[in-house]
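Here the structure is laid out as structure tokens; the discussion comes afterwards.
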Amino acid sequence: MKTILDVRNVSKIYQSAAQALTVLDQVSFSVTAGDTVAITGPSGSGKTTLLGLCAGLDQASNGTVALNDMDLGVLSEDQRAALRNQHVGFIFQNFQLLSTLTALENVMVPLELRGIRNAGEQAMELLDKVGLSARASHYPIQLSGGEQQRVSLARAFSNQPDILFADEPTGNLDTETSEKIVRLIFDLNKAAGTTLIIVTHDLELAAKANRTIKLKGGVIISDSAVNYV
Ligand SMILES: Nc1ncnc2c1ncn2[C@@H]1O[C@H](COP(=O)(O)OP(=O)(O)OP(=O)(O)O)[C@@H](O)[C@H]1O
Ligand SMILES: [Mg+2]
């Protein structure tokens, strides 16, 4: 089975004037293509930091992250951006929609970056999939949290990623909306074999994944795919 993500002895240390803060300490795991993994742990345990490193949004202080057999540490910023654009979808904890663009335009950005000609049409289809075609011309500020989350999801789907990273995709959403979003994410895994890496506090959502990795204080304290002694 193909390994899509390999994290080896990864540490992240933030250096401030006063002190060095170790946010991730020697974290190692690897993920098989097509697998679904939940990452859980208390606030501040390093989940978002780890996701950012895995997705090539940020660089580790030590250790290696390989995505699709590419060592992210040896790539330039432009090469990492290209790799992300080709293989990675990302749903941020705070959605990160561009406030000056409409819902449709937000979904179009990754498609346009890839030089897709009918980006508008494809973006509209994706918005329809998340039930938001009627709100295509609205700006993020005019949308509710759940609607913004769904735009963010449509945008993450737009480049048909091999691997989707989702940071608290159901945080602050009502039960119905969050069920809808979880279904859309797991459908992507079933239909396209997309690997899912989902950070969540929601134990019900975590239980839907094949595997759970627990972080605490920047270290992995349990991994359901590995026997810990
Ligand atoms: N740029 C930064 N500079 C210094 N410290 C940072 C920086 N980014 C994050 N941290 C610290 O790293 C630790 C881990 O942060 P991270 O956002 O990864 O936690 P988390 O597990 O995602 O928490 P939450 O569940 O609250 O989202 C926190 O103590 C945070 O304050
Ligand atoms: Mg976080």
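Overview of results
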| quantity | calculated |
| --- | --- |
| Every pair of residues 6+ apart whose Cβ atoms lie under 8 Å, when the first sits in the range 191-214 and is farther than 21 Å from Val7 by Cβ while the second is among the charged types (D, E, K, R) | His201/Glu168 |
| Pick from the range 23-47, criterion within 9 Å of ligand 2 (Cβ to nearest atom) and surrounded by 19 or more Cβ atoms within 10 Å (Cβ to Cβ), ranking: nearest to Phe165 (Cα to Cα) | Lys47 |
| Filter result for the condition that a residue is open to solvent by 50 Å² or more (accessible area, probe 1.4 Å) and hydrophobic (A, V, I, L, M, F, W, C), over Ala18, Ala60 | Ala18 |
| Residue within the range 77-91 that is within 11 Å of ligand 1 (Cβ to nearest atom) and either buried (at least 18 other Cβ atoms within 10 Å of the Cβ) or at pLDDT below 95 (or both) present | no |
| Every pair of residues 6+ apart whose Cβ atoms lie under 6 Å, when the first sits in the range 30-49 and is touching a residue at least 40 places away in the same chain (Cβ under 8 Å) while the second is small (Gly, Ala, Ser) and within 16 Å of ligand 1 (Cβ to nearest atom) | Ala38/Ala206; Thr40/Ala206; Gly46/Gly218; Lys47/Gly41 |
| In the range 92-102, residue farthest from Val199 (Cα to Cα) [restricted to those that are within 19 Å of the chain's Cα centre (by Cα) and modelled with pLDDT of 90 or more] | Leu98 |
| Residue within the range 102-110 that is closer than 26 Å to Asn9 by Cα, assigned to a loop (DSSP other than H, G, I, E, B) and without any contact (Cβ under 8 Å) to a residue 60 or more places away in the chain present | no |
| Residue match in the range 202-216 (condition: at pLDDT 95 or above, touching a helix residue (DSSP H, G or I) at 6+ places or on another chain (Cβ under 7 Å), open to solvent by 80 Å² or more (accessible area, probe 1.4 Å) and within 30 Å of Met70 (Cβ to Cβ)) | yes |
| Residue that is nearest to Val65 (Cα to Cα) [pool: residues in the range 27-47 that are near ligand 1 (Cβ under 9 Å from one of its atoms) and touching a Lys or Arg at 6+ places or on another chain (Cβ under 6 Å)] | Ile39 |
| From Leu24, Leu50, residue being modelled with pLDDT of 95 or more, assigned to a strand (DSSP E or B) and within 12 Å of ligand 1 (Cβ to nearest atom) | Leu24 |
| Filtered residue count, the range 48-66, keeping only those that are more than 16 Å from ligand 2 (Cβ to nearest atom) and closer than 22 Å to Phe95 by Cβ | 1 |
| Selection from the range 113-146 of residues that are open to solvent by 90 Å² or more (accessible area, probe 1.4 Å), more than 20 Å from Pro169 (Cα to Cα) and at pLDDT below 90 | Leu113, Arg114 |
| Among residues of the range 111-146, those that are free of Cβ contacts under 8 Å to residues at least 12 places away in the same chain and over 25 Å from Asn85 (Cβ atoms), counted | 3 |
| Residue in the range 160-175 that is small (Gly, Ala, Ser), out of contact with any Phe, Trp or Tyr (no Cβ under 7 Å at 6 or more places or on another chain) and open to solvent by less than 30 Å² (accessible area, probe 1.4 Å) present | yes |
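The values are calculated or read from the model by the stated rules, or taken from the named source; none is laboratory data. Everything numeric in this text was worked out from a predicted model, so none of it was measured. Methodologically, a virtual Cβ is constructed for each residue, glycine included, from the backbone with ideal geometry; neighbour enumeration extends over all protein chains shown. Remember, those area values only see protein heavy atoms, side chains included, never the ligands or the DNA or RNA. Shrake-Rupley method; radii C 1.70, N 1.55, O 1.52, S 1.80 Å.
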